[in-house]
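The values are calculated or read from the model by the stated rules, or taken from the named source; none is laboratory data. Just so it is clear, the model here is predicted, and its values are computed rather than measured. For neighbour counting, all protein chains shown are included, and Cβ atoms are generated from backbone atoms with ideal geometry for every residue, glycine included.
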Amino acid sequence: MIHSSVATLGTLREFHEGFAWVMVVGNGLAGVWALAAHRVTSLRGRSLWWFVAAVQSSIVVQVTVGVALVAGQGIDPPQFHLFYGFVAFITVGIVYSYRQSLRAHRYLLYGFAGLFLMGLGIRAMLVVAS
C-alpha cells in the first residue's frame, strides 16, 4: 500500500509540474491573442473566448492539484508558491467579474490578464526551483 501511495504522489506531482507549462504558455498565448484582437478585428471570435476559458480553467486544475498535494500528501512548498497560485486563482475571478463593466475594453482586459497570469505561473515555478 505504501508503494502505491508513493507512486500516486510522484504521478500527481509530475502532473502538477508538467501542467504548469500548459497554464503558463496557454495564458501567455491567450494574452497575446486578445491584445492582438484589440487591434485586428479578424482575430476576434468564439475561438478566442474558448481558448481563454480553457487556459484560465487550467489555473483551477493547477490549484486543485496543488491543494491535493499539500493537504493529502503532506508536501510543504515555499509559501510564495502558494501565494502565486492563489493570486492567479483570484485574478481569474476578478477578471470574470469585470467583464461586463469593461465590455468596451474586454480584449485589453483579457490580454493583460493573460500576460499577468503567465507571469504569476512563472514566478510560482521559479520559487520552487530556487
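Does the stretch 95-116 contain at least one residue that is surrounded by fewer than 18 Cβ atoms within 10 Å (Cβ to Cβ) and of a type in the set (Val, Ile, Thr)?
no
Consider Gly45 against the criteria (1) at positive phi; (2) crowded, with 18+ Cβ neighbours inside 10 Å: it satisfies all of them except one. Which criterion is unmet?
(2)
If the requirement is being part of a helix (DSSP H, G or I), exposed (fewer than 15 other Cβ atoms within 10 Å of the Cβ), in contact (Cβ under 8 Å) with a residue 24 or more places away in the chain and not acidic (Asp, Glu), which of these qualifies: Val52, Val92, Val60?
Only one candidate qualifies: Val60.
Looking only at residues that are modelled with pLDDT of 95 or more and in contact with a Lys or Arg (Cβ under 9 Å, 6 or more places away or on another chain) in the stretch 99-130, which one is nearest to Phe15 (Cα to Cα)?
Restricting to residues being modelled with pLDDT of 95 or more and in contact with a Lys or Arg (Cβ under 9 Å, 6 or more places away or on another chain), the top hit is Tyr110.
Here are the criteria: (1) touching a Phe, Trp or Tyr at 6+ places or on another chain (Cβ under 8 Å); (2) without any contact (Cβ under 8 Å) to a residue 24 or more places away in the chain. Tell me which single one Gln79 does not satisfy.
(1)
Does Gly72 qualify as being free of Cβ contacts under 8 Å to residues at least 60 places away in the same chain, under 30 Å from Ser130 (Cα atoms) and not acidic (Asp, Glu)?
yes
Just to verify a result, which residue in the stretch 8-24, among those that are among the β-branched types (Val, Ile, Thr) and more than 15 Å from Tyr110 (Cα to Cα), is surrounded by the most Cβ atoms within 10 Å (Cβ to Cβ)?
Val22
Of the residues in the stretch 73-89, how many are at positive phi and either of a type in the set (A, V, I, L, M, F, W, C) or surrounded by 17 or more Cβ atoms within 10 Å (Cβ to Cβ) (or both)?
0
All but one of (1) part of a helix (DSSP H, G or I); (2) free of Cβ contacts under 8 Å to residues at least 60 places away in the same chain; (3) out of contact with any Pro (no Cβ under 7 Å at 6 or more places or on another chain) hold for Val128; which doesn't?
(3)
Name the residue, out of Trp21, Trp33, that is closer than 20 Å to Arg103 by Cα, among the hydrophobic types (A, V, I, L, M, F, W, C) and either assigned to a helix (DSSP H, G or I) or modelled with pLDDT of 95 or more (or both).
Just one listed residue meets the conditions, Trp33.
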